[in-house]
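Laboratory data are not the source of any read-out in this text; all were calculated from the coordinates shown. From a predicted model like this one, the values you see are computed outputs, not experimental measurements. Positions of Cβ are generated from backbone atoms using ideal geometry, with glycine treated the same way; all protein chains shown enter the neighbour counts.
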Amino acid sequence: MAEIQIKNIAKSFGAFQALNDINLTIADQEFMVLLGASGCGKSTLLRIIAGLEVASSGEVWIGGKRIDHLSPKDRGIAMVFQNYAVFPHLTVFENIGFGLRMKKLPNDEVTRRVERVAGLMHIEMLLKRYSGELSGGQRQRVAVARALAMEPDVILMDEPLSNLDALLRMEMRAELKGVLAESKTTAIYVTHDQVEAMSMADRISVMHQGDIVQAASPIEVYRDPAAKFVASFIGNPPMNFLPAKPAGPSKWQVAGQTFDGPNTDKAVLQFAIRPEDMQPAEQGLVATAKIVEPLGAHLLVTCQIGDALFRVILDSDAVVKPGQSLTLAPQPDRVRWFDPDTTLAVA
Ligand code: ATP
C-alpha cells in the first residue's frame, strides 16, 4: 500500500513563502495531478516529496511510514522530469536498466524488468539504439520506462509531456494513464495544462500561491469550483461572472433578470456560469456581441453585459454578428454563486 500523506508542509526560500501549509492525502494507486499557474509551488511540493528539496516544516508519509528524513533513494519513489534526463551515450536498454544496475540487481533480473517495461511503453524495438538518436517522444517513453523499471511504490512526474508536440502529447497522455493504472503505482503528476489534468487525473489539486485551493475529481473541479480562483482557472474560456443583488428570499437580481439563488443575508454575490452552459432564448441575460470567433466545432462569442465581458459558446451554425443583441438563458442547474469577500462558493 502506498498511500501518500502530506502533513502541514510549508516551504520558504529566504523571505519568500513558496508553500503555506499543505495537507493532502493521495490514496494508494491514485493518479493525483497538481495543477496551477507557473510559480504556484507545484514543483516545490513534488521535490519535497522526492527528497530533492527539504521542507521548512511538516511531514511526508508513504504507506504509513514517515519518509521525509530518508534520502531520496530510500523513499521508494521514482521521478520523471520534463527534460527526461536520459543519457544519450547509453543504449535504451542501458538507460532503462541504469537504476537497477546501481541497485546491483542480478543481470537476468535487470533483463526481465527492462523487457517488461519496454513492452509496456511499446519501445521493445528500440532497446539496442542509442538514446541520443531517438525522437523526443521516444526519449520520453524511455524516461518513463526507466522510472517504472524501479517498480517504485510512487512515481512523481514533473511536466513530463511538455516538450512534445500537441499530437504526441495527446497520444502519450492516454498511454501514460493506461500504463500507470496497469502498474498499480501511486502517481503525482505536475502540470499547468488543464486539459492534461482533466483527462488524466483521478483527482486534481488546484494550487494557487502556495496553497491547495481545491482537491477533487476533474468533473467536480469543473462543475463545482470551491473558489472563484478555480472557476476562473479551469475551463477554456473560464467561467463568466456577474454581480448579483438580493431580490427577496433566495432570489437574486443579475443584469436586470431574477434568478433563484442561495439563501444568505449577503448584500452582494457573484453569479457564475460557464460559456458552454447558455443558450439563446426568448428570455434571459441581454448581451451585446463584440467578437465572434468560429472555432470549427463551435462559435465563441465575446459579449458585453453592463461593464462585464461575457463569453458564450454557441452551436457552430449560429449566426451572430458583432454589435448584435443576444438574449442568453443560463442552464439553471449550472449556475454557481461566489462570495466576493471570501471568494468561496456559496451553496
Ligand atoms: P513552474 O510551472 O513555473 O515550474 P511551479 O508551480 O512548479 O512553477 P515552483 O517551481 O514550485 O513553481 O516555485 C514556486 C515559487 O518558489 C516560485 O515563485 C519560485 O520562484 C520560488 N522558488 C522555487 N525554487 C526556489 C529556490 N531554489 N530559491 C528561491 N525561490 C525559489
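Using the Cβ-Cβ distance between A347 and E124 with R0 set to 41 Å, the FRET efficiency works out to roughly 0.20. For a test of the definition: using alpha carbon positions, the gyration tensor, and the 1.5 limit on a/c, classify region 188-256 as rounded, prolate or oblate. Since a/c reaches 1.5 and a/b is larger than b/c, the shape of region 188-256 is classed as prolate. Simple point charges give the picture: +1 on the Cβ of Lys and Arg, -1 on the Cβ of Asp and Glu, and for the chain a dipole about the Cα centre of about 680 debye. Label sites at A318 and E293, each approximated as a point 7 angstrom past Cα along Cα to Cβ, lie 1.4 nm apart. Could you tell me which of rounded, prolate or oblate describes region 204-323, using a ≥ b ≥ c as the square roots of the eigenvalues of the alpha-carbon gyration tensor, with rounded for a/c under 1.5 and, failing that, prolate when a/b is larger than b/c and oblate otherwise? Because a/c hits 1.5 or more and a/b fails to exceed b/c, region 204-323 counts as oblate. Relative to the dominant Cα principal axis of the chain, helix 136-149 is inclined by about 70°.
In a Gaussian network model over the chain where Cα atoms closer than 10 Å are linked, find which of R274, R173, R112 has the largest mean-square fluctuation. Maximum among the listed residues: R112.
Modelled spin-label separation between L70 and V286, with each label point placed 7 Å from Cα along the Cα-to-Cβ direction: 6.6 nm. Dipole check for region 237-346: with +1 at the C-beta of Lys and Arg, -1 at the C-beta of Asp and Glu, and the Cα centre as origin, the magnitude is about 180 Debye.
In this rough spin-label picture, where each label sits 7 Å from Cα along the Cβ direction, the H89-Q331 distance is 5.8 nm.
Work from the charge dipole of the chain (Cβ charges, +1 for Lys and Arg, -1 for Asp and Glu, about the Cα centre) and give the residue of V301, L34, A145 farthest towards its positive end. After comparing all options, I get A145.
In units of the rule-of-thumb radius 2.2 N^0.38 Å, the chain shows an alpha carbon radius of gyration of 1.19.
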